[in-house]
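Take a look at the structure below.
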Amino acid sequence: MYRMVWLRMAHCAVIINEILNNQNNKTVTGNVFCDLQKTLDTVNHDSLSNKLQYYGIKRKAKKLLESYLQNRYQRVQITTPGSNRMASSTWIKITQRVPQGSILHPVLFLIYVNDLPKVVEPTAIRIMFADDTSILMKSHNNIQLQCELNIVMSQINKWFQDNLITFNLEKTCFIQFSNKNTNDLDIHINIKKKNIATVN
């Protein structure tokens with residue numbers, strides 16, 4: 001628990017440090033905080049298996065991790081309170097989803113998303129912690145920042161679609177950090193032709 005809190009604080013420190021440096025250099029900073037829908041439930045087992053192979057996890061180690069994911073089934077069971085009546089759905093094989101509740105699930109998810117930074121413009125700072133993703137960019141003016149952020153968000157959205165992960169657009173938001181004399185009202189970031197909410 002302590003380590004998790006420490007890691008979150010370290011990620012916050014990276015963001016704050018970058019924002020302050022940019023303000024000292026009189027550049028405009030934009031940060032998109034991405035909220036993803038049910039990320040641990042959408043991890044595809046076949047894709048994860050390919051990524052394990054790509055990162056050098058092979059033979060017995062790969063088979064061990066695959067055995068953790070494969071041949072799992074689930075069903076819904078409902079019991080009526082105060083009686084012995086029970087209804088159950090049929091068993092369904094799980095082909096995607098990282099089982100939660102063990103030390104393996106965050107590790108497997110991080111392996112699954114580890115190649116995300118490779119598809120993003122090198123000028124963007126990618127801050128990833130478990131299923132939280134934040135994109136930080138700087139520019140000399142609002143127009144350039146808007147253009148570059150929209151390119152990056154398009155790249156990220158394509159990667160998410162290819163890897164069966166979905167943006168939660170209602171909770172994804174954009175924040176602009178700037179000096180007092182900088183106009184920060186005209187930036188519009190969109191995904192799938194929908195504007196991301198701007199917060200102050």
Please state which of the following conditions LEU20 fails to meet, knowing it meets all the rest: (1) within 16 Å of the chain's Cα centre (by Cα); (2) open to solvent by 80 Å² or more (accessible area, probe 1.4 Å); (3) aliphatic (A, V, I, L, M). (1)
Given the conditions (1) open to solvent by less than 40 Å² (accessible area, probe 1.4 Å); (2) under 30 Å from LYS26 (Cβ atoms), report the number of the one that VAL113 does not fulfil. (2)
Within region 132-162, can you find the residues that are open to solvent by less than 10 Å² (accessible area, probe 1.4 Å) and not hydroxyl-bearing (Ser, Thr, Tyr)? ILE135, LEU136, MET137, LEU145, LEU149, VAL152, MET153, ILE156, PHE160
Tell me the residue from SER134, SER89 that is closer than 20 Å to CYS34 by Cβ and among the small types (Gly, Ala, Ser), please. SER134
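Please go through region 53-75 and give me each residue that is over 14 Å from VAL98 (Cα atoms) and either in a helix (DSSP H, G or I) or among the aliphatic types (A, V, I, L, M) (or both), ordered by number.
Residues satisfying the conditions are GLN53, TYR54, ILE57, ARG59, LYS60, ALA61, LYS62, LYS63, LEU64.
Of all residues in region 76-93, count the ones that are of a type in the set (S, T, N, Q), assigned to a loop (DSSP other than H, G, I, E, B) and in contact with a strand residue (DSSP E or B) (Cβ under 8 Å, 6 or more places away or on another chain).
2
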For region 78-136, how many residues are closer than 24 Å to ASN50 by Cβ and among the small types (Gly, Ala, Ser)? 2
Please go through region 122-170 and pick out each residue that is assigned to a loop (DSSP other than H, G, I, E, B) and hydroxyl-bearing (Ser, Thr, Tyr). THR123
Considering only region 171-190, I want to know if a residue exists there that is in a loop (DSSP other than H, G, I, E, B), open to solvent by less than 80 Å² (accessible area, probe 1.4 Å) and touching a Gly at 6+ places or on another chain (Cβ under 8 Å). yes
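The values are calculated or read from the model by the stated rules, or taken from the named source; none is laboratory data. All figures in this text were calculated on a predicted structure; none of them were measured in a lab. Every residue, glycine as well, gets a Cβ built from its backbone with ideal geometry; the counts of neighbours run over all protein chains shown. Ligands, DNA and RNA are stripped out before the accessible areas are found, and what is left, the full protein with its side chains, is counted by its heavy atoms. Shrake-Rupley method; radii C 1.70, N 1.55, O 1.52, S 1.80 Å.
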